[in-house]
There are 2 protein chains.
Amino acid sequence: MSRLTPPAAVIERVDAALAESLSAAADSFAAISPSAAELIDPIREFTAKGKRIRALITWWGFELGGGDAAAEPGIARVAASVELLHAAALIHDDIIDDSDTRRGRPAVHAAHRTAHAERGWAGDAALYGTGAGIIAGDLCLSLSEEIYSSAGLSRLAEPEAVRRHDDFRREVMVGQFLDIRLQAAPVEPADLIDRAREVLTYKSAKYSVEHPLLLGAALGGADEDQLAALAEFGLPLGRAFQLRDDELGVFGDPQVTGKPAGDDLRQGKKTVLVGSALTRLDPDTAAWFAERLGAADLTDAEIGRMEELLISTGALAAFEEQIDAETTRAESALAELPLAATDRALLEAYILRLTRRAA
Amino acid sequence: MSRLTPPAAVIERVDAALAESLSAAADSFAAISPSAAELIDPIREFTAKGKRIRALITWWGFELGGGDAAAEPGIARVAASVELLHAAALIHDDIIDDSDTRRGRPAVHAAHRTAHAERGWAGDAALYGTGAGIIAGDLCLSLSEEIYSSAGLSRLAEPEAVRRHDDFRREVMVGQFLDIRLQAAPVEPADLIDRAREVLTYKSAKYSVEHPLLLGAALGGADEDQLAALAEFGLPLGRAFQLRDDELGVFGDPQVTGKPAGDDLRQGKKTVLVGSALTRLDPDTAAWFAERLGAADLTDAEIGRMEELLISTGALAAFEEQIDAETTRAESALAELPLAATDRALLEAYILRLTRRAA
């Protein structure tokens, strides 16, 4: 018998839970001041979009752990709370990275900055945008907690679920910090790969896949063995997901990703891929690569040369092998899980969606 | 029989709960990466100080509501979680206000910015400081949730407590937003007082006194009537507390407050006091006051003139009357509460401490 709810049905219910939560917040804000709508409306718009990857994985984790979504409809609120945590992370990330666009639209802080500038308000528009964006992210974090704690699931207060929820939030913040630190501080090429893998693990692999999967599973009633088996599946899948992201950041098709060609090279991101190239290059070329990476005056020709070096050194091929190895690990772990055939097929298809994607 | 724990004993136990929580976080971070200490250490330092006003009020609210701190020692964790929420608010507030010092030391984001600059790291030091400060505040929010949800109090999941906790976090963020918006957007002098009172109510009065008091009380088992009676005490006390803060922001002794003379005038803060002056001035002088308020080239002589106008128009005297009126309301509400004589004396002394302070 099949147990996993199909993606479209999950997303529909998560979207409904999100909309309900944000409407309730908007109503309570309207009672405080009409101006408060300026805070909540951009959040509603922002959270209306998104691939809902983490919500879906949370939901499926719940079902894989033995939870029954029909008996405990509050799982929709838990999954929505994960999306609100993600919204907070993205809204703050765009300030941290000084990035003005997200999902093809102005980032939340950029929208506030523009509103300030267009209305000719007093003070510095950029500072206002940063401030409003910080508050908007904080509010998403708070609303995430609200919707989580009121989800009404039977295992919400069980130590395993509490611990998973705590690790989820806490580790992504450490990952975020390790990321900005890695981008700023000098690092030996030999260390770069390890440091970049740390960031990849905590900022993305665990956060995007392993944590939502295990949080859901703990709430669904999974025992220790089941949680360990799911971690065997979730962590390599998360790694493969993020490694693909890093590859698309350099070699992605701008038409599909919506980002400029070689965007991560332009931004100087120190990724596993870049680290792998630096260790393979002769010292002079490595020094050139490291120095020009992220340079303000980096030319298209230089980006082209960097891309060629990533290929000619074999760094890209080795990187693809890593993605394949992590994907294979995830697939093997999946094969060990006791699943109905339709559920297995659904998860196999989702693995491909996360690891073979072009955007 | 006396019920309220004396301040020193409360603070000792809250400090211990805070230290324990942050040590546990530091340990878990050390397992991830040695660099993560750079994120947690400034937070530990930052939270080691503070007046613990909100922790104390939370604790006393619990006891006033009928809670027994000996039977439920987890109240120390709840009070510590309130302090961590406050730490998050202050860390983010200093970025939002572009303020480099806090409690006589560098603000968290400023310390990260300085560390970046001193080590000659890559990229923009200010952006790094902002990013690290945002993440530090987010982490405090998360740790606040962790310590709260694991406090183990018997009424943690009761709807009244959940609702109070939700309102607490949510409304301070709305207050923060209304504050930056008020400072930025043009506002008619006639409206300024109402808008400034909105900010004062949500960003400070409710957040600093009413919410912690009622959260504690709900966790202690207070019924609806008791909660209403405590609100009658907490909201005016919170208002008087913040009104005094606004007065000290203009007339405070720099030697005692640690802030420059006339700091709020320099920063152009639109407070109830300023609003009151503007409505009392003749149009030309009001226009001058409004225009020069917060001007980058504001002189000491101009600040002196503004202070004189606040006095000569009667705005300051009316403002003092407001503080007295709110204080009297709080005292009258306190007189209605059924309390042991020693508890009443303790709370009366604390009212004075919050409303008659010089810093």
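Can you tell me which residues in segment A:114-125 are within 11 Å of chain B (Cβ to nearest Cβ), part of a helix (DSSP H, G or I) and either surrounded by fewer than 24 Cβ atoms within 10 Å (Cβ to Cβ) or touching a Cys at 6+ places or on another chain (Cβ under 9 Å) (or both)? Steps first, please.
Applying the first criterion (within 11 Å of chain B (Cβ to nearest Cβ)) to segment A:114-125 yields A:115-117, A:119-125.
Filter again for part of a helix (DSSP H, G or I), leaving A:115-117, A:125.
Listed by number, the residues that qualify are A:A115, A:A117, A:A125.
Since B:S150 meets every condition but one in (1) surrounded by 22 or more Cβ atoms within 10 Å (Cβ to Cβ); (2) within 8 Å of chain A (Cβ to nearest Cβ), which condition does it not meet?
(1)
Suppose we filter A:L237, A:L215 for residues that are modelled with pLDDT of 95 or more, in contact with a Leu (Cβ under 7 Å, 6 or more places away or on another chain) and either assigned to a helix (DSSP H, G or I) or not assigned by TED's automatic domain parsing to the domain that holds A:A349 (or both); which single one remains?
Working: A:L215 fails: in contact with a Leu (Cβ under 7 Å, 6 or more places away or on another chain).
Checking each option against the conditions leaves just A:L237.
Looking only at segment A:6-49, filter to residues that are β-branched (V, I, T) and surrounded by fewer than 20 Cβ atoms within 10 Å (Cβ to Cβ); which one of those is modelled with the highest pLDDT? Steps first, answer last, please.
Initially, segment A:6-49 is screened for residues β-branched (V, I, T), giving A:10-11, A:14, A:32, A:40, A:43, A:47.
Narrowing further to those that are surrounded by fewer than 20 Cβ atoms within 10 Å (Cβ to Cβ): A:11, A:32.
Values: A:I11: 97, A:I32: 94.
It comes out as A:I11.
Quick one: how many residues across segment B:291-328 are within 14 Å of chain A (Cβ to nearest Cβ) and assigned to a helix (DSSP H, G or I)?
2
When A:V209 is evaluated against the numbered criteria (1) in contact (Cβ under 8 Å) with a residue 60 or more places away in the chain; (2) under 30 Å from B:R155 (Cα atoms); (3) in contact with a helix residue (DSSP H, G or I) (Cβ under 8 Å, 6 or more places away or on another chain), which criterion, by number, is the only one it fails?
So the condition that A:V209 fails would be (2).
Can we say A:A317 is touching a helix residue (DSSP H, G or I) at 6+ places or on another chain (Cβ under 6 Å) and at pLDDT 95 or above? Break it down stepwise before answering.
On the way: touching a helix residue (DSSP H, G or I) at 6+ places or on another chain (Cβ under 6 Å): no; at pLDDT 95 or above: yes.
Here the answer is no, as A:A317 does not meet what is asked.
Checking B:A190 against (1) at the interface with chain A (Cβ under 9 Å from one of its Cβ atoms); (2) more than 22 Å from B:A231 (Cα to Cα); (3) assigned to a helix (DSSP H, G or I), only one condition comes out false. Which one?
(1)
Conditions (1) aliphatic (A, V, I, L, M); (2) in the same structural domain as A:K269 (by TED's automatic domain parsing); (3) under 17 Å from the mean Cα position of the chain (by Cα), marked per residue:
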{"position": "A:L39", "(1), (2), (3)": "yes, no, no"}
{"position": "A:T47", "(1), (2), (3)": "no, no, yes"}
{"position": "A:K51", "(1), (2), (3)": "no, no, yes"}
{"position": "A:G65", "(1), (2), (3)": "no, no, no"}
{"position": "A:L84", "(1), (2), (3)": "yes, no, yes"}
{"position": "A:A89", "(1), (2), (3)": "yes, no, yes"}
{"position": "A:D100", "(1), (2), (3)": "no, no, no"}
{"position": "A:R103", "(1), (2), (3)": "no, no, yes"}
{"position": "A:H116", "(1), (2), (3)": "no, no, no"}
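Scan segment B:246-265 and report the pairs whose first residue is part of a loop (DSSP other than H, G, I, E, B) and whose second residue is modelled with pLDDT of 85 or more and hydrophobic (A, V, I, L, M, F, W, C), with Cβ atoms within less than 6 Å and a gap of 6+ or a chain change.
B:G262/B:V250; B:G262/B:I303
For segment B:150-160, state whether one or more residues are part of a helix (DSSP H, G or I), more than 17 Å from B:E72 (Cβ to Cβ) and of a type in the set (D, E, K, R).
Of all residues in segment B:150-160, those part of a helix (DSSP H, G or I) come to B:159-160.
Next cut, more than 17 Å from B:E72 (Cβ to Cβ) only: B:159.
Those still in the list that are of a type in the set (D, E, K, R) too: none.
No - not one qualifying residue is present in segment B:150-160.
Would you check which residues across segment A:151-207 are among the hydroxyl-bearing types (S, T, Y) and under 22 Å from B:A25 (Cα atoms) and list them?
Quick first cut of segment A:151-207, residues among the hydroxyl-bearing types (S, T, Y) only: A:154, A:201-202, A:204, A:207.
A:T201, A:Y202, A:S204, A:Y207, listed by residue number.
How do the helices (runs of 4 or more DSSP H) wholly within segment B:8-103 filter down when requiring 2 or more residues that are among the charged types (D, E, K, R), away from chain A (no Cβ under 11 Å) and under 30 Å from A:K206 (Cα atoms): which remain?
Qualifying helices (runs of 4 or more DSSP H): B:37-48, B:75-96.
Please pick out the residue among B:L298, B:L316 that is free of Cβ contacts under 8 Å to residues at least 40 places away in the same chain, surrounded by 13 or more Cβ atoms within 10 Å (Cβ to Cβ) and in the same structural domain as B:K203 (by TED's automatic domain parsing).
Answer to the check: B:L298.
Using beta carbons and a limit of 9 Å, which pairs, at least six apart or on different chains, have the first residue in segment A:180-196 and within 15 Å of A:L281 (Cα to Cα) and the second one assigned to a loop (DSSP other than H, G, I, E, B) and not hydroxyl-bearing (S, T, Y)?
A:P189/A:L281; A:L192/A:K270
The values are calculated or read from the model by the stated rules, or taken from the named source; none is laboratory data. None of the values given here were measured: they were computed from a predicted structure. Every residue, glycine as well, gets a Cβ built from its backbone with ideal geometry; the counts of neighbours run over all protein chains shown.
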